[in-house]
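Structure first, commentary second.
The values are calculated or read from the model by the stated rules, or taken from the named source; none is laboratory data. Please read these numbers as outputs of a predicted model, since none were measured by experiment. FYI the Cβ positions are ideal-geometry reconstructions off the backbone, even for glycines, and counts take in every protein chain you see.
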Amino acid sequence: MEQALDTRATPLARAVRHGRWVLRYRELVRNLVVRDLKARYKNSVLGFLWSLLNPLLMMAVFTVVFKVLMPNDIPNYPLFVLLGILPWNWCTASVMGGITSIVGNGHLIKKVAFPRELLPISVVISNMVNFLLALIPLGAMMVAFGVMPTPLLALLPLIIVLQLVFLCGLALFLSCLQVYFRDTGVIFDVLLLAWFFLSPVFYRVEDLTEQWARLMYILNPMASFISLYRLVVLYGAPPDALFMLRLTAQAALILAVGYVFFVRYSHSFAEEV
């Protein structure tokens with residue numbers, strides 16, 4: 001069988017071979033995404049509307065805190081903070097869902113032969129669907145605030161794809177880690193809180209010192225993604241070419257490392273889960 005990879009091959013060669021195998025299962029990815037979305041909104045009164053209401057409620061809270069109780073000089077602050085919350089929610093849901101995607105589907109792994117990496121990848125894609133749905137109220141709010149889109153909005157799909165690549169790599173790595181170290185999920189419950197405050201969800205990177213701002217962009221890809229969303233959607237300003245190149249390289253590297261790591265250890269998932 002093709003899926004029985006040669007254990008003598010290098011991890012990179014096995015990952016490339018796995019990648020060719022995965023491309024044949026596009027329909028399975030779609031079914032997994034649909035299953036995840038249905039399970040998420042099953043028995044929910046509002047259903048997918050929660051994807052719209054959750055970031056709006058968070059935006060309202062941050063606006064009251066940082067515009068009323070602790071005023072700042074950031075214009076259009078509700079839009080500013082919403083453009084931080086939406087990509088951040090996609091990140092956290094993908095990380096936590098990706099961590100449990102292998103362990104939580106042990107019954108499938110033991111019974112059905114398919115590329116295991118489709119499980120964490122489908123989690124990221126299903127959360128991307130929620131992210132895209134949440135862009136609907138964002139567009140309505142832009143109209144309400146008199147913020148008109150510019151031609152640079154055409155860069156939005158590219159930024160979304162880059163974040164998708166980054167989150168897939170992260171989900172692949174963490175889902176594999178969870179199989180062998182079941183404390184991964186608990187640890188990331190804490191780390192995500194720290195990561196949230198170290199990301200410019202409700203503040204500007206520019207308000208930090210130049211040294212810390214540069215370090216945040218280099219070490220925290222989510223800071224770069226959030227800033228890019230604001231740049232092209234809210235401000236209509238072109239991103240720096242070197243900034244985009246660095247972020248693209250970071251996303252590609254994280255995907256490559258996560259995928260090679262996943263393929264390296266996925267052969268024994270059935271025994272561990």
(request) Output the number of residues of region 110-124 satisfying the condition of being out of contact with any Ser or Thr (no Cβ under 9 Å at 6 or more places or on another chain) and either closer than 23 Å to L192 by Cα or among the hydrophobic types (A, V, I, L, M, F, W, C) (or both). (result) 4
(request) Find all pairs meeting these conditions: Cβ atoms under 6 angstrom apart; at least six residues apart or on different chains; first residue within region 207-236 and within 14 Å of L156 (Cα to Cα) and outside any helix (DSSP H, G or I); second residue of a type in the set (S, T, N, Q) and at pLDDT below 95. (result) G236/T150
(request) Check R182, R204, R230, R214 and return the single one that is of a type in the set (K, R) and modelled with pLDDT of 95 or more. (result) R230
(request) Output the number of the condition that V263 fails; it satisfies all remaining conditions of (1) in contact with a Lys or Arg (Cβ under 9 Å, 6 or more places away or on another chain); (2) without any contact (Cβ under 8 Å) to a residue 60 or more places away in the chain. (result) (2)
(request) Within region 164-198, track down each residue that is outside any helix (DSSP H, G or I) and either among the hydrophobic types (A, V, I, L, M, F, W, C) or more than 25 Å from Y259 (Cα to Cα) (or both). (result) F181, L198
(message) I'd like the residue in region 129-160 that is β-branched (V, I, T), under 21 Å from the mean Cα position of the chain (by Cα) and closer than 16 Å to P239 by Cα and, out of all such residues, is surrounded by the fewest Cβ atoms within 10 Å (Cβ to Cβ).
(response) I160
(request) Look through R204, R214 and report the one residue that is within 30 Å of A144 (Cβ to Cβ) and of a type in the set (K, R). (result) R204
(request) Scan region 54-105 for residues that are assigned to a loop (DSSP other than H, G, I, E, B) and not β-branched (V, I, T) and jot them down. (result) M70, P71, N72, D73, P75, N76, S101
(message) Give me the residue from region 237-260 that is in contact (Cβ under 8 Å) with a residue 60 or more places away in the chain and not in a helix (DSSP H, G or I) and, out of that set, surrounded by the most Cβ atoms within 10 Å (Cβ to Cβ).
(response) P239
